[in-house]
1. What number goes with the only condition from (1) surrounded by fewer than 16 Cβ atoms within 10 Å (Cβ to Cβ); (2) part of a strand (DSSP E or B); (3) of a type in the set (S, T, N, Q); (4) away from every other protein chain (no Cβ under 14 Å) that A:ASN323 does not pass?
2. Checking the structure you have, find out if any residue of the stretch B:28-41 is surrounded by fewer than 16 Cβ atoms within 10 Å (Cβ to Cβ), facing another protein chain (nearest Cβ under 9 Å) and free of Cβ contacts under 8 Å to residues at least 40 places away in the same chain.
3. Test B:ARG141 against the criterion of being on the phi > 0 side of the Ramachandran plot, surrounded by 14 or more Cβ atoms within 10 Å (Cβ to Cβ) and more than 14 Å from chain A (Cβ to nearest Cβ), and give yes or no.
4. Determine which member of the set A:ARG185, A:ARG233, A:ARG244, A:ARG189 is in contact with an Asp or Glu (Cβ under 8 Å, 6 or more places away or on another chain) and among the basic types (Lys, Arg).
5. Return the total of residues in the stretch B:1-27 being among the aliphatic types (A, V, I, L, M) and away from chain A (no Cβ under 14 Å).
6. Which residue is surrounded by the most Cβ atoms within 10 Å (Cβ to Cβ), if the candidates are limited to the stretch A:199-223 and must be hydrophobic (A, V, I, L, M, F, W, C) and part of a helix (DSSP H, G or I)?
7. Can you name every residue in the stretch A:85-113 that is hydrophobic (A, V, I, L, M, F, W, C) and either free of Cβ contacts under 8 Å to residues at least 24 places away in the same chain or surrounded by 18 or more Cβ atoms within 10 Å (Cβ to Cβ) (or both)?
8. Which members of the stretch A:123-151 meet the condition of being of a type outside the set (A, V, I, L, M), modelled with pLDDT of 70 or more and farther than 13 Å from A:PHE83 by Cα?
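The values are calculated or read from the model by the stated rules, or taken from the named source; none is laboratory data. In this text, all values refer to a predicted model and were calculated from it rather than measured experimentally. As a convention, Cβ positions derive from the backbone with ideal geometry for all residues, glycine included, and neighbour counts pool all protein chains shown.
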Amino acid sequence: MRSLFLKIFLWFWATVVLTGITLIFSFLLQPGGASFRIHAALGETASVYGRAAIAELEGGGPEAAATYLEDLRKNAHTSACLFNREGTEIAGHDCASFSRLVNAAAEKSAPAIAMRHGLVRVGVRLQGESGTPYLFATELPAGPGAAFGNNFFGLLLHWGAAFLVSGLICYLLTRYLTEPILRLRDASRQLAAGNLSMRAAAGAEKRRDELGDLVRDFNAMGDRIEALITSQRQLISDVSHELRSPLARLTVALDLAREHKGDDPAFEQMQKDFDRLNEMVGRLLTVARLDTSATPAEMKRLDFGALVAEVAADAEFESRELNCNVQLSGDNHIYVQGNSDLLRSAVENIVRNAIRYTAPGTTVDVNLRRRNSAGLARSVLTVRDHGPGVAESELANIFQPFYRIEDARDRQSGGVGLGLAISDRVARLHGGMVRASNATDGGLQVEFEIPAAEVTPET
Amino acid sequence: MERLLIVEDDVELCGLLAERFRSDGFSLEAVHDGARGLERALSGEHKLVILDLMLPRLGGLDVLRKLRAQSGIPVLILTARGEDVDRILGLEIGADDYLPKPFNPRELLARIRAILRRASPARSDGERLTAGDITLDTGAREAWINSRQVNLTSVEFSLLEEFMRHAGHVVTRDDLTQSVLGRKLGAFDRVIDVHVSNLRKKLTGGSAGERVKAVRGAGYQFVVRSETKNT
């Protein structure tokens, strides 16, 4: 869900942290590289310590030198070692580790510089008061190791603070960047789901950057889509309304004509087509009303099981003429929060559709049950026929108004391609959905799923 | 010729219907708006009112509500297809039956005849039916619970009569539609259920408990209350 957020955040943060570390290293981790001035200064510092140690040695013997170096180690956290010209240890601590550096220093006049455990080590050649040459090597508080310091808690504090501050800044930056995107995504989803009045949040609209532009463009697009669809729906609704009056007159006029002229096959045909037109106009108006639904349908708690049973009984009545039957099974005490007229019409359309397509002599199975998914109780109505089914690629389309799968067959069976569109809209109005699939052994299976209410009826 | 009233704003349709009805022995008076329709419906000159629910000025449902407050004249409502809510509301307010528009005039005539047949029963020899605390006078078409008169529409009265004649037994929806509405039960036809629900509300009145039980998959059952309560 927040993966874009996480990605941007982690990348920003990693970049900041790595940049910081790289900076420190590039400044200090170049013994033979760029910073000669630093090297000279390091040599100078080492020489100061070295001369002091030699003075101690020449004044008070090796013990004095050793004491001085020990003090240095304790007070300045700097280990150092004094050697004679041949590289033999005179005084100091951990002198063996300096031997290579000292050898290097013996061969040139410039200070030898090396790195160990992240600390800079410097070896220098020095002369005492008496003119005796010595070699002195020490580690100095410089280099990345020095940045870490010797104090573990101080180190933790400094680096932890840097880490957290950079994290916080990255977090804020990421939120600033991704929030409008996430909101936009939310809005576009809802728009796609049919909530045409959905717009991205006003807060993001005020931004004066490209994201603000995007949000404004999105909202403008939403306005345009809403206007277009609303006017289209209004047109359908208006046209259907207007068609009704002439249709009503035609029906009466036809009846009068039959009275006057007697029955005629042409009249029969006209009657049949008027009926079809009537049916179509009626359903169109239902679809238009569900789509525009300015006034939300009244929802109340109702016994969905009883409603399905009634529809199934009615359908059984109708199916007898078509030489098939309807079988009801499953849980029959499921309550839902809904509008009974709309739900009845939705269930009716699905069941009627199944009766229309099931093969003669077969059964339409109507099953109602509760299903819990992700902690939400759903009531699931499954209606399955034993007909030819629908091609997989067409399954999603059968809920669209006037969608025809096989022109000839559908017209022959008298469908007007609106029944399932109504069911789909009713399901969505109730916060549910309709799905169609082909049963494994043939036949179409339609699943009508809406949220279920509490099990125990409140009385 | 029996006089009928149609309240419908489509003038041409009214003309056609009047012509059609004449050949079936009805004289049809047409009124084209709700306020005038209410006025004419209350005149007492007509046997039945055909009421379109979509009317200018005063809406059909309002006309029906006002009409029912003063008169028990049979009303058949015309509803637009797809406007199921209006249809149910109309029946709940007290319409006898409905027909979706556009309709076949033969169907309309058949329904009108069924309503008229029931509303003006030929039998003047009224009998008194009693079941528990409910008494019916089928001649005067009046009903009492204990000694309180219950105000029933003509359909509701016929329904109650039917229930009382079969007290304690389950009556199917097919039979009820046939005997009360005078027609066959259609598929997905819920008119009788709305009437039962209206009747139930009126019978339940003050005392709790349902007298008419729904028997799922079968129909309805009238339960007799043996002991009379003094309320």
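1. (2)
2. Among the residues of the stretch B:28-41, not one is surrounded by fewer than 16 Cβ atoms within 10 Å (Cβ to Cβ), facing another protein chain (nearest Cβ under 9 Å) and free of Cβ contacts under 8 Å to residues at least 40 places away in the same chain, which makes the answer no.
3. Yes; evaluated as a whole, the condition is true for this residue.
4. Just one listed residue meets the conditions, A:ARG233.
5. Here is the first cut: in the stretch B:1-27, the ones among the aliphatic types (A, V, I, L, M) are B:1, B:4-7, B:11, B:13, B:16-18.
The next check asks that each one be away from chain A (no Cβ under 14 Å); those that pass are B:1, B:4-5, B:7.
Total satisfying the criteria: 4.
6. A:VAL215
7. Answer for the stretch A:85-113, where residues must be hydrophobic (A, V, I, L, M, F, W, C) and either free of Cβ contacts under 8 Å to residues at least 24 places away in the same chain or surrounded by 18 or more Cβ atoms within 10 Å (Cβ to Cβ) (or both): A:ILE90, A:ALA91, A:CYS95, A:ALA96, A:PHE98, A:LEU101, A:VAL102, A:ALA104, A:ALA105, A:ALA112, A:ILE113.
8. A:GLU129, A:SER130, A:GLY131, A:GLU139, listed by residue number.
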